[in-house]
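Structure, as structure tokens:
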């Protein structure tokens, strides 16, 4: 629609000077084209009510009172919530003490008669286990009188293995490498815990990485290792915490061992009589040299004979247990960035690289020359899905079954899936050449047997937590409900409270 | 440990305890309160396993009618006039059949009149004549509207032997037929499962109610997590030091409570549950003034109020976690330190003060 | 801003009050006004000729008659012909005489007027009935049945009944076919024989039962690559072949499937497909082997059919096994010394442990006090002595 005024006409209309017109505020806002009488009308009285102008389009009936959120004075202090989340309670004084419960000792850890019963962790060992962070917050230790674990088939096997490695015999000084997998709640972490407990009873040295995720989420400092290797990165704080864990847990053992060779990187502070504990503490005190100290400590612990001049008080080194809980975080790019702002692969962190290279068979001598056990477990909760890692695990299983890598049935990564070559290579260990070294194995944890499940549920009942009659029928029902005896599910069923009775 | 009195069982099994002189540790309101909670709380206490519950079927051996359980509507006391007749019999020793007072005449049974009056016997109804002839003292039919003993005891003693035998044969026949009919059933029929075995009602009713009241924004799973935390806290926290002024409902002794967290929670909630709510009503007193009227609450309503109060009171705590706040509040209720107790007393005080307004409300 | 608008509005109002302004030209158009030329004038309709202006008719002769009339005329008897000729002569004469013609036309005019008078022409506009708001008197459209008879004379069955009867006839016809003709089809049956080894291609055609359809000419070819291997291709060449066919390969069934609807006839399409297969085989043999490229199966999503394991099937043997196991378990259960009951465990603990039982604790303290009293009593005695 075209206006009937022409644009020229409109522009020719000049605005009236402001002074001539009455101030716009004085005139009440009435119809714009009406100028005469309104001006002289009396100004309307302002309503002097508290409510203000009447509100239309609002409910006038009684309104629901909304509850205001309570204002707390200030948010909880920094770290309190995290501390609450990470708190580990190992005892419930209200629970009943289980009569006749045995402790882990070096004798009964190979006793097959104890299968299905719950063995308590010795109280003095608890500080050691706490130091290596063997307990996780959500494992339900807090409802029992004292921590204990079920002896299942795998536990007995593990006990026999550890026993044979440390005792005199043909298997003495053997090094065994295992990757522990299993469905969620199948007891992988507790399996590692049992291994640590056994290692502590046998006076082994225990190295643990309880949270591999912490190393790759860019929460600790990192730096290039050296000028020669600009692609490798060292995490000094993380190494220092590893050292402090190790020292706190293995204080007795490390105190009895002495330095056996020169350490050129640490020449001033390490002398012939230094114990390994003192050596490790150097790294804790000064995180800048933590990585060097860790390497020195590792060479000391893997030494089989002293260098010349150091053989005064050389003692043979004990076997070692190395555990990592939750491997798959190490199988992808970390959150760290290089100087070019490229993501750094987790295998480029020397810390991670060190522990992953232990999986490879050693050249000349075993990776753990004094014997020991590598137990790396996967995790099924808070777990990145990494295709190449899955393939690598399948390959390990196939190799364990005796398949040759060139066989057509040998599982291979899909060439179009973009699998990470480094990950597959990390687990691609050929047959070890050294006699005392085992092939990399894959151990899959399943459910408990019915008898083991029964022992576990009886433990609940005898602790006064489960008001049920632990009959065979009842156990069978719960065993089936728990997906065939998956111990995490059994634990949930045992502690779930439904009724007063 | 002294045997504890279970009111619920006592009422059904031992009629001696039904005398009004039964003493309960908490007077007045608490009596009702405890009687209610025994249904789920006490029965399940630690003592219950040692005590044998007497069942109705166990009382058939004596054949004594006094052992017979009473239906709720059946009054143990005789009718007023019959009672008066008894008294007069005892007092006056006058059993010649002449009524002592006119009002007793109304209560005289027809059979007595007929006994006295030979003339009337000739014209009495045929049913009664038959009754006298058979002279067994029982009828073959019942005029009771109430459920007869036959249903409670299976086969009543009051039946004469013949009828009983006929009945028994009939029952066995029917059973046999049923067996023949259900030839295909392989296993014995399962006895009815308890209510909590159904997956929809798997939790205790209080537990479920508490969980749903913890829920915000429809996040039930989160509420259940909170509930699990609370129960774990009750299980692991040190047993409550009961305040003698504000005791929990009778139950197992305090040190044993953490072993049964659900019972613990039930006792806490039921102990602070108010019996009444106060309704503000306008227009009774006139002039637009509102009047406070006490209204009795049902069990579920009482619990809801108590849980709401506990959750409200927990808001003032300083702990960072909601479940932790509620758990701490629950423990402080158990120890009598919580403000919820004051709130309950206040509510009851208002209710007592407002009793007189009830008359106005009814109008 | 608002006040500015008001100023404008006000001045516009005053302008409007001044009265209608004569606008000399269309302000918003720059082109000169141009007019479309008018339609050519419609010539007036030609006047109807008056009777005296009409041309005279030609003299009658039988030769002037048209062909049909002529044949009719030939068939007439001679007397009748004479009569016909005379009549026609008379008519032509009458027409050619101007006075008689005028009289005849006047007569005609008169009779037409007469008709007009007798039957006056009136245009009565029939008003459509006004339907009320609710449309009560409206005819129900849906009440009309298509083949409802308008009127029924009781001399036949209704047309609906006829239709019903027709359906019956049809059914009977097919029943007859099924009963008499279909058994004869078995004579045409041929025993099934497996296609011979040489026939490794399988074609699929589609018929739409006589209807025309755009996909009628489509042909689908399927072949299993395993059939190619020994005879036509080696194993390595087969891999090349699979790489060439790309997403047409289904690794689960090992079948390559391709189709063609490029051409208008089936035969052409089929020919094309066969040619393609030939060229693929040739290319697989002779062309680039693509050995460095892995076989790409990303197009195929393998379907996992979840099935219960075979060991779960309840055979008689397994039943026995299960029963034996159950019996064994029950036996063990009976042999077992103590079945642990959580309730009794707690009840026992409550009876024994003083920590759980205040009564026990009270008793213990009482005894301790007694002993203490005794001891102190003795001591006092001693002191007394």
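How about region C:202-227: which of its residues are out of contact with any helix residue (DSSP H, G or I) (no Cβ under 6 Å at 6 or more places or on another chain) and under 30 Å from residue C:292 (Cβ atoms)?
Hits for region C:202-227 are C:222, C:223, C:224, C:226, C:227.
So which of A:428, A:472, A:414 ends up being without any contact (Cβ under 8 Å) to a residue 60 or more places away in the chain and within 23 Å of residue A:177 (Cβ to Cβ)? Walk me through how you get there before you give the answer.
Values: A:472 fails: within 23 Å of residue A:177 (Cβ to Cβ); A:414 fails: within 23 Å of residue A:177 (Cβ to Cβ).
None of the others qualify; the one that does is A:428.
Would you check which residues across region B:321-355 are under 16 Å from residue B:269 (Cα atoms) and free of Cβ contacts under 8 Å to residues at least 12 places away in the same chain and list them?
Result: B:325, B:332, B:342, B:345.
Report yes if some residue within region C:347-354 is closer than 23 Å to residue A:99 by Cα, more than 9 Å from chain A (Cβ to nearest Cβ), touching a helix residue (DSSP H, G or I) at 6+ places or on another chain (Cβ under 6 Å) and part of a loop (DSSP other than H, G, I, E, B); otherwise report no.
Looking for residues that are closer than 23 Å to residue A:99 by Cα, more than 9 Å from chain A (Cβ to nearest Cβ), touching a helix residue (DSSP H, G or I) at 6+ places or on another chain (Cβ under 6 Å) and part of a loop (DSSP other than H, G, I, E, B), one finds at least one in region C:347-354, hence yes.
Residue A:463 passes all but one of (1) in contact with a strand residue (DSSP E or B) (Cβ under 7 Å, 6 or more places away or on another chain); (2) crowded, with 17+ Cβ neighbours inside 10 Å; which number fails?
Looking at each condition in turn, residue A:463 falls short on (1).
Kindly indicate whether residue A:191 is farther than 26 Å from residue A:279 by Cβ and modelled with pLDDT of 95 or more.
Against the criterion (farther than 26 Å from residue A:279 by Cβ and modelled with pLDDT of 95 or more), residue A:191 qualifies.
Which residue, of A:270, A:234, A:209, A:216, is without any contact (Cβ under 8 Å) to a residue 60 or more places away in the chain and surrounded by 14 or more Cβ atoms within 10 Å (Cβ to Cβ)?
A:270
Residues in region C:204-223 that are surrounded by 15 or more Cβ atoms within 10 Å (Cβ to Cβ) and more than 12 Å from residue C:261 (Cα to Cα): how many?
Adding up the residues that qualify gives 2.
So, in region B:248-294, how many residues would count as being within 28 Å of residue B:337 (Cα to Cα), in contact with a strand residue (DSSP E or B) (Cβ under 7 Å, 6 or more places away or on another chain) and without any contact (Cβ under 8 Å) to a residue 40 or more places away in the chain?
Residues meeting the conditions: 1.
Those residues that are exposed (fewer than 15 other Cβ atoms within 10 Å of the Cβ), out of contact with any strand residue (DSSP E or B) (no Cβ under 8 Å at 6 or more places or on another chain) and either modelled with pLDDT of 90 or more or not in a loop (DSSP other than H, G, I, E, B) (or both), I need them from region A:394-405; list them, please.
Passing the criteria: only A:401.
Within region A:386-402, how many residues turn out to be in contact (Cβ under 8 Å) with a residue 40 or more places away in the chain and either on the phi > 0 side of the Ramachandran plot or within 17 Å of the chain's Cα centre (by Cα) (or both)?
1
For residue C:299, only one of the following conditions fails: (1) in the same structural domain as residue C:216 (by the TED database); (2) exposed (fewer than 15 other Cβ atoms within 10 Å of the Cβ). What is its number?
All conditions pass for residue C:299, except number (1).
Please verify whether residue C:329 is within 14 Å of chain A (Cβ to nearest Cβ) and part of a helix (DSSP H, G or I), treating the condition exactly as stated.
Yes: the conditions hold for residue C:329.
Hey, which of the helices (runs of 4 or more DSSP H) in region A:406-501, taking only ones fully inside, have at least 1 residues that are more than 9 Å from every other protein chain (Cβ to nearest Cβ) and under 25 Å from residue A:330 (Cβ atoms)?
The qualifying helices (runs of 4 or more DSSP H) are A:421-426, A:487-495.
How about region A:143-179: which of its residues are over 26 Å from the mean Cα position of the chain (by Cα) and outside any helix (DSSP H, G or I)?
Listed by number, the residues that qualify are A:167, A:168, A:169, A:170, A:171, A:172, A:173, A:174.
Determine which single condition residue C:292 fails, assuming it passes every other condition in (1) within 14 Å of another protein chain (Cβ to nearest Cβ); (2) closer than 23 Å to residue C:252 by Cα.
It is condition (2) that residue C:292 fails.
Out of (1) closer than 30 Å to residue A:404 by Cβ; (2) in contact (Cβ under 8 Å) with a residue 24 or more places away in the chain, what's the single condition that is false for residue A:457?
(1)
The values are calculated or read from the model by the stated rules, or taken from the named source; none is laboratory data. Keep in mind it's a predicted model, so treat the numbers as computed, not measured. Positions of Cβ are backbone-derived with ideal geometry, glycine not excepted, and every protein chain shown enters the neighbour counts.
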